[in-house]
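Report on one structure; see the data block that follows.
The values are calculated or read from the model by the stated rules, or taken from the named source; none is laboratory data. Computed from a predicted structure; not experimentally measured. So basically every Cβ, Gly included, is an ideal-geometry build from the backbone, and we count neighbours across all protein chains shown. Heads up: the accessible areas ignore ligands, DNA and RNA and are worked out on the full protein's heavy atoms, side chains in. Shrake-Rupley method; radii C 1.70, N 1.55, O 1.52, S 1.80 Å.
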Amino acid sequence: AGRARPPRASARVRPPDLRRRSPHGCDPPQQPRQAASTARRVAGCAPPPRASARVRPPDLRRRSPHGCDPPQQPRQAAPRPRRVAGRARPPRASARVRPPDLRRRPPTVAIRRSDLALLLQDLGELSAARVLFEQALASALQTYGDDHPTVATRRNNLALLLQDLGKLPAARVLHEQALASNRKTYGDDHPTVARARNNLALLLRDLGELPAARILLEQALASDRKTYSDDHPEIARGRNNLALLLRDLGELPAARVLFEQALAALVTTYGDDHARVATVRRNLAAFDEPTPSASPLSLTRRSGRPGCRRTLRSR
């Protein structure tokens, strides 16, 4: 009657946890783990490394035979070889020589030739100016290509010189090429396109093609009026040239109105003693005379660098 039933064979009896049990049969209060680890550190015994921790082997190359690391010395660069007096350093084998960027730095020789040719043209040395203009155009074609604005400027200048020499067909080809190139670059309403139309129209007037010249002059004047005010010198130039053409066509009242408008604008801008004012006054005076003693003058613009220069004559 006082015998306990033996445990089943399949039952597993868990042994008591003697580490956590006290002798009185009750569990001691659990202390936080952090406090226990701190006590071990204070006692001077470091905790054993974890099984999963990887111990880094000592660097035997940097260890001294006494078991301590020697003081590290700063690395010193390798001494450079001395230069021999008077001898330049040879270039590196991997160094690449970069060619000059001709798009960002224009060729100076072509610019100087063009400037000198403009001066010789003003001095009347047309043959020498033609050679320089042709060389500047060839250099610009080689550097920039066919449709660059600099090439159009060189063509315009050479065409004006050929007009002075009387070679109008060759000048016409250059003017047409310059106009086509400027239209691709700037569009139809740009002042550079208006100047190219004006110069081509004056050449066509000299060739006797008055209707085609009238169309170009009207287009140039309409384009300039979109860009400038009515009192601008460019508007006055366009009105003067169109008035000359209308006079040749016999439309005298419209030509007189344009002459008077051009003269008023130039007097407002430059005053009474300017050369352009004198040109338009001469044209208006020749308009009133029944038999004019001198041919009327056109106002054209000759392209230079970087902007444009003006010239007074029918070219």
**Report entry** Matching option when the condition is under 25 Å from the mean Cα position of the chain (by Cα) and not polar (S, T, N, Q), among 184, 167
**Finding:** 184
Requested in this report: Name the single residue, out of those in segment 239-282 being among the β-branched types (Val, Ile, Thr) and more than 39 Å from the chain's Cα centre (by Cα), that is most open to solvent (accessible area, probe 1.4 Å).
Outcome: 257
Query raised in the report: (1) charged (D, E, K, R); (2) open to solvent by 60 Å² or more (accessible area, probe 1.4 Å); (3) within 25 Å of residue 209 (Cβ to Cβ): which one isn't true of residue 164, the others all being true?
Result: (2)
Requested in this report: Would you check which residues across segment 197-217 are within 33 Å of the chain's Cα centre (by Cα) and closer than 13 Å to residue 238 by Cβ and list them?
Outcome: 197, 198, 199, 201, 216, 217
Query raised in the report: Is it true that some residue in segment 130-144 is within 22 Å of residue 204 (Cα to Cα) and open to solvent by 40 Å² or more (accessible area, probe 1.4 Å)?
Result: yes
Report task. Could you pull out the residue among 105, 98, 62, 113 that is open to solvent by 100 Å² or more (accessible area, probe 1.4 Å), at pLDDT below 95 and more than 23 Å from the chain's Cα centre (by Cα)? Result -> 62
**Report entry** segment 189-238, subset farther than 27 Å from residue 166 by Cβ and touching a residue at least 40 places away in the same chain (Cβ under 8 Å), residue surrounded by the most Cβ atoms within 10 Å (Cβ to Cβ)
**Finding:** 236
